[in-house]
Amino acid sequence: MNQAELIDTVATTAGIKKADAAKVVQAVFEGISGALGRGEDVRLAGFGIFEVAERAAREGRNPRTGEVVKIAASKAPKFKPAKQLRDSVNG
């Protein structure tokens, strides 16, 4: 499912116009992104937890040359599905 299909599903399920559904979907994405940008977790009961994972600085290798490359520390979004979501996916 892509974003357009998600918007169609939200519009149909909620009985609203696609334009309004697009605004809702965009607002949800912005809310999650904003919270993660501030280092906050987003906990959605029955769905899962969006959180920020810290990646330490490390050394890697260029596969072409074998040269050692320094990889800077970074942060990455992470998602942990709730048991209810895992159960629905697994039947």
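Would you work out the charge dipole size for region 3-84 about its Cα centre, treating the Cβ of every Lys and Arg as +1 and the Cβ of every Asp and Glu as -1, and quote it to the nearest 20 debye?
Values: 14 positive and 10 negative charges, 52 e Å.
Taking the Cα centre of region 3-84 as origin, the dipole is about 240 debye.
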- Message: Suppose we flag GluC sites (Glu not before Pro) only when DSSP calls them loop and at most 15 other Cβ atoms lie within 10 Å. Which is the longest uninterrupted stretch of the chain?
- Response: 1-39
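Please sort by residue number the trypsin sites (Lys or Arg not before Pro) in region 2-91 whose DSSP state is loop and whose Cβ has at most 14 other Cβ atoms within 10 Å.
On the way: sites: LYS17, LYS18, LYS23, ARG38, ARG43, ARG55, ARG58, ARG61, ARG64, LYS70, LYS75, LYS78, LYS83, ARG86; in loops: LYS17, ARG38, ARG64.
Sites meeting the loop and neighbour criteria: LYS17, ARG38, ARG64.
So for the chain, averaging the separation of alpha carbon pairs under 8 Å that are six or more residues apart and normalising by length, what relative contact order in percent results? Intermediate values should be presented prior to the final figure.
Values: 101 pairs, mean separation 18.7, N = 91.
So the answer I get is 21 percent.
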- Message: Can you tell me which of ALA72, ALA53, ALA45 moves the most in a GNM of the chain? Springs connect C-alpha atoms under 10 Å apart.
- Response: ALA72
- Task: Using every pair of alpha-carbon atoms in region 29-91, split the distances into 10 Å bins beginning at 0 and state the percent of pairs per bin, rounded to integers.
- Result: 20, 31, 24, 19, 6
- Mean projected area, convex hull of alpha-carbon positions in region 2-56, reported to one decimal in nm², is 4.8
- Query: Once both axes come from the Cα atoms, what is the angle between helix 18-37 and the longest principal axis of the chain, in degrees from 0 to 90, rounded to 10?
  - Reply: 30
- Between the Cα axis of helix 3-14 and the main Cα principal axis of the chain, the angle (0 to 90°, nearest 10) is 30
- Just going by the charge dipole of the chain, with Lys and Arg at +1 and Asp and Glu at -1 on Cβ, which of ILE49, VAL68, ALA82 is farthest out on the positive end? VAL68
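Rule-based calculations on the coordinates, nothing more; no lab input. Values in this document were obtained by computation on a predicted structure and should not be read as measured data. For neighbour counting, all protein chains shown are included, and Cβ atoms are generated from backbone atoms with ideal geometry for every residue, glycine included.
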